[in-house]
Amino acid sequence: PKGRDILREAPEMKYVFIEKHQAEFSIKAMCRVLRVDSSGWYTWCQRRTRISTRQQFRQHCDSVVLAAFTRSKQRYGAPRLTDELRAQGYPFNVKTVAASLRRQLLSAKAYTKNKKNNNNKHKKKKKKKKKKKKKK
C-alpha cells in the first residue's frame, strides 16, 4: 500500500488518522494535507463523546425490559412484556420491546410441567435411609 492511500479514504478514516497522530503534527496541518475541514474534525470529536437521545432511549428501554423479563422468570415474550410495562406506565409498543429483546439476545423460555413417567423401566432414585444412632 502506498502512503497516499489515506487521501482516498472516507473522512471518518482520516479523522481517526488525525486522532492517532495529533501528538506529532498540528491538527490544522493534517486537515490541510488530508483535505478535510478542521470544523469537521472537531464536530466528529464531539459526536463521539456525546450520546444521542435515541441511544439514551434505547439504553433506558433495554434496562426496563430486562428488569421486567427477569421478574417474569424469563417466560414472557414481547406481547406480554408490553402489556406488563404499559400497566406500569411505560409507553412502549410491541415492536420496541421485541427489538430490545433481540438487541440483548433474550428469548422467552417455554413453561414445561413435570410429567409423570409411567414407564416401568424408568429408574427412580432410591432414597437413602438414615441410620439411627444407638443410645447407650
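Rule-based calculations on the coordinates, nothing more; no lab input. Fair warning: this is a prediction, and the values are worked out from it, not measured in the lab. Neighbour counts are summed over all protein chains in view; Cβ atoms, including those assigned to glycine, are modelled from backbone coordinates with ideal geometry.
General remarks:
- Residues of the stretch 47-76 satisfying the condition of being among the polar types (S, T, N, Q) and on the phi > 0 side of the Ramachandran plot: 74
- So residue 27, is it surrounded by 12 or more Cβ atoms within 10 Å (Cβ to Cβ), of a type in the set (A, V, I, L, M) and more than 30 Å from residue 112 (Cα to Cα): yes
- Count of the stretch 84-108 residues, restricted to those that are among the small types (Gly, Ala, Ser), over 16 Å from residue 59 (Cβ atoms), assigned to a helix (DSSP H, G or I) and touching a helix residue (DSSP H, G or I) at 6+ places or on another chain (Cβ under 8 Å), is 1.
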